[in-house]
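Asks: There's a structure below that I have some questions on.
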Amino acid sequence: MKRWFPRRESIDPTLLAIVGEGLFSRMAFGILSFALPLYARSLGLSLAQIGILLSLNSAVAIGCKPLLGWTADRFGPKRTLVVAVTLRSLVSLLLVFSSAPWQLFGIRSLHGISMALRDPAAGVLLAEPKKGKGGVASAFAWYQTAKTVAGSSSKAVAGVLLGLLGPRYPILFLVGFVLSSLPLYVVLRYVRELPKVEHRAASTKMNAGEGAPVEPARAPVFAVAGLGFVVAGSAEMLAGLFPVLATEYAGLTTTQTGLVYAVSTTVAVVSGPIFGWLSDNVSPKLVLAIRGVANALSSIVYLAFPSFAGVGVARCVDDMGTAAFRPAWGSLMGRVAQLDRKKRARTMSWLSMGEDGGGVVGPMLAGFLWNGWGIGALMGTRVLLAVLSEVYAFAISRKLVPAEAVPVPAAEPALS
C-alpha cells in the first residue's frame with residue numbers, strides 16, 4: 001500500500017532545526033522592524049536618520065560577508081550559526097537598555113555582523129547534499145516559507161502589542177529577545193556539523209596515463225553573484241513602493257491594500273514548497289525562469305490595470321515569482337559552492353552579497369525612475385531587467401556542470 005507520508009527517519013533534524021531558527025529569527029526581526037523606527041522617532045531622529053538606521057544592518061552585512069564568510073569554513077557552519085544566533089539575540093537585549101541615538105546605530109551595526117555570519121552558515125547547511133538524493137531546493141523553499149509566515153505575522157503581533165501596552169518599546173524588544181533566543185538550544189542540539197574539508201574538491205576524472213585527479217574548473221562565483229544582483233534588484237524594485245503604488249497610482253484604500261498583502265502572502269506560502277519540489281524533481285532552470293516571467297507580467301498588469309483586481313493579480317504573480325526564485329536560487333548557490341567544498345561558505349558569502357546588493361539598489365532605482373520619468377519608465381525598466389535576467393541565467397547555466405557531476409567526498413569525522 002502506498003505511503004502518503006514520509007517515514008519518520010527520512011525527516012532531516014538539521015533541516016527542521018534551521019527552518020525553526022529561520023521562523024523565530026524572522027519573528028523577532030519583524031517585531032524589531034515594526035517598533036524600531038517608532039522608537040527612533042520618539043528619541044528625536046529625523047526621517048532621513050531613521051532611513052539610514054534601518055538600512056545600516058544590511059549595509060554592514062554586505063560589507064562584512066566577504067571577510068566573515070571564511071569563519072564557517074574555518075570553524076564549521078554549525079559553530080558559526082550558534083555564534084550568529086547568540087549575537088542576534090544580544091541585539092534585541094541591548095535594545096531593551098538603549099536610550100540614545102548613537103546606541104541604536106551601534107546595535108544596528110552589530111545586527112549586520114550577525115547577519116554576515118549567519119547567512120553563509122545557514123546556506124551551507126541547507127545546500128549540503130543528502131546522501132545522493134535531491135532536496136536542496138525544497139530545503140530552501142521550506143526555509144523561505146517559514147520566514148515569510150513569520151515576517152507577516154510578527155508585524156501584526158507588534159502592532160497589537162503596541163496598541164495594548166502603549167509606547168513601551170523595551171517590552172517589545174524583550175519579546176524579540178525571547179523569540180530570538182528560543183531556537184538556540186535547537187540549533188545546538190539538532191544541527192549536525194558538516195565534515196571538515198582539508199583539501200580542495202577535485203573531479204573524479206583522471207589524467208590519461210597519470211592517474212592523478214584533474215583540478216576542477218574555477219567556480220563562476222562572481223558571474224552567478226551578478227545574476228543574483230540582477231534578479232533581486234528587479235524583484236525588490238517595488239518592495240517598499242508597493243503601498244504608494246496601490247494607494248496613489250491605483251487608488252486603493254489602505255484596507256484594500258492590506259487585503260492584497262494578505263492574499264499575496266498566502267499565495268507565496270502555498271506555492272513555495274511546490275516550486276521547491278519542481279526544482280528538485282523537474283527542472284531548476286524552469287523554476288528559475290518563472291521569476292523573470294513573473295516580473296515582466298506583473299509589471300504589465302500593474303501598468304495596464306490600475307484597479308483593485310489588477311493590483312491584486314499583479315501582486316500575487318509577483319509574490320509567486322519570488323516563491324519560485326528562492327528555492328531555485330538556493331539550489332544554484334549550492335551547486336556553485338560544492339565545486340570547491342573547502343571554500344563553500346566564502347562562496348555563499350559572495351553569492352548572497354550579490355543578492356543583497358540587488359535588494360538595496362533595486363528600490364533606489366525604482367524611486368529615481370518614478371520620480372524622474374513616471375510609472376511607465378519604472379515598469380518598462382523592470383520588464384527589461386526581467387528579460388536581461390533570463391538571458392543572463394541561460395548564459396550562467398551553460399557554465400555550470402550538472403549537479404550530478406559534482407563530486408561529494410566521503411564523510412570524515414565531524415567536528416565536535
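Values in this text are rule-based calculations from the coordinates and carry no lab data. Just so it is clear, the model here is predicted, and its values are computed rather than measured. Note: ideal-geometry Cβ built from the backbone for every residue, glycine included; neighbour counts use all protein chains shown.
Asks: When the convex hull of the Cα atoms of the chain is projected onto a plane and the area is averaged over all directions, what value comes out in nm²?
Replies: 22.7
Asks: Specify which residue in the list TRP277, ALA309, MET364 is farthest towards the positive end of the charge dipole of the stretch 221-403, using unit charges on the beta carbon of Lys, Arg (+1) and Asp, Glu (-1), about the Cα centre.
Replies: TRP277
Asks: Tell me, what is the FRET efficiency for ALA156 and LEU16 to the nearest 0.05, using R0 = 22 angstrom and their Cβ-Cβ distance as r?
Replies: Working from the Cβ atoms, E equals 0.30.
Asks: Follow-up. Assuming R0 = 35 Å, can you tell me the calculated FRET efficiency for the pair ILE171 and ALA48, based on Cβ-Cβ distance, to the nearest 0.05?
Replies: Once rounded, the FRET efficiency stands at 0.80.
Asks: Oh, and also: Positive end of the charge dipole of the stretch 12-190 (Lys, Arg +1 and Asp, Glu -1 on Cβ, about the Cα centre): tell me which of GLY44, PRO77, PRO101 has its Cα farthest that way.
Replies: PRO77
Asks: What does the convex hull of the alpha-carbon atoms of the stretch 320-388 project to on average, in nm²?
Replies: If you wrap the Cα atoms of the stretch 320-388 in a convex hull and average its projections, you get 5.4 nm².
Asks: Would you be so kind as to identify which of LEU54, THR254, LEU241 lies farthest towards the positive end of the dipole of the chain, taking Lys and Arg as +1 and Asp and Glu as -1 on Cβ and the Cα centre as origin?
Replies: Sorting the options by dipole projection puts first LEU54.
Asks: In degrees between 0 and 90, to the nearest 10, how far off the longest principal axis of the chain does helix 13-42 point, with axes built from Cα atoms?
Replies: Roughly 30 degrees, rounded to the nearest 10.
Asks: Another question, if that's okay. What is the magnitude of the charge dipole of the chain about its Cα centre, with +1 placed on the Cβ of each Lys and Arg, -1 on the Cβ of each Asp and Glu, and no other charges, expressed in debye to the nearest 20?
Replies: Numbers: 38 positive and 21 negative charges, 169 e Å.
Using only the charged Cβ atoms, the result is roughly 820 debye.
Asks: How big is the charge dipole of the stretch 12-190 about its Cα centre, in debye rounded to the nearest 20, if each Lys and Arg gets +1 on its Cβ and each Asp and Glu gets -1 on its Cβ?
Replies: Dipole about the Cα centre, nearest 20: 140 debye.
Asks: Can I ask one more? Return the FRET efficiency for the residue pair THR253, VAL96: r is the Cβ-Cβ distance, R0 is 45 Å, and the value is rounded to the nearest 0.05.
Replies: Details: r = 37 Å, r/R0 = 0.81.
Result of the calculation: an efficiency of 0.80.
Asks: While we're here: Note the count of lysine pairs whose C-alpha atoms are less than 16 angstrom apart in the chain, limited to pairs 8 or more residues apart or on different chains.
Replies: Lysine pairs satisfying the spacing and distance rule in the chain number 8.
Asks: Suppose the chain between LYS285 and PHE305 were pulled fully straight at 0.36 nm per residue; how much longer would it get relative to their current alpha carbon spacing?
Replies: Separation in residues times 0.36 nm, less the Cα-Cα distance, equals 4.2 nm.
Asks: Oh, and also: Between the stretch 322-360 and the stretch 72-123, what is the separation of their alpha carbon centroids in Å?
Replies: That distance is 20 Å.
Asks: Then there's this: How large is the charge dipole for the stretch 221-403, taken about the Cα centre, if only the Cβ atoms of Lys, Arg (+1) and Asp, Glu (-1) carry charge, to the nearest 20 debye?
Replies: So the dipole magnitude of the stretch 221-403 works out to roughly 780 debye.
Asks: At 0.36 nm per residue, and after removing the present C-alpha to C-alpha distance, how many nm does the segment from THR86 to VAL387 gain when stretched out fully?
Replies: Gain in length upon complete extension: 104.2 nm.
Asks: Also, I was wondering about something else. By how many nm would the segment from ALA223 to ARG189 lengthen if fully extended, with 0.36 nm per residue of separation less the alpha-carbon distance?
Replies: Roughly 8.5 nm would be gained on extension.
Asks: Please provide three numbers in whole Å: the alpha-carbon extents of the stretch 221-403 along the principal axes, with the largest listed first.
Replies: 53, 34, 24
Asks: For the stretch 12-190, go through all pairs of different Cα atoms, get the mean of 1/r, take its inverse, and jot down that Kirkwood value in Å. Walk me through the numbers on the way to the answer.
Replies: Values: mean 1/r = 0.0597 Å⁻¹.
The answer is 16.8 Å.
Asks: Could you tell me the relative contact order of the chain? Use alpha-carbon pairs under 8 Å, at least six residues apart, and round to a whole percent.
Replies: Contact order relative to length: 25 percent.
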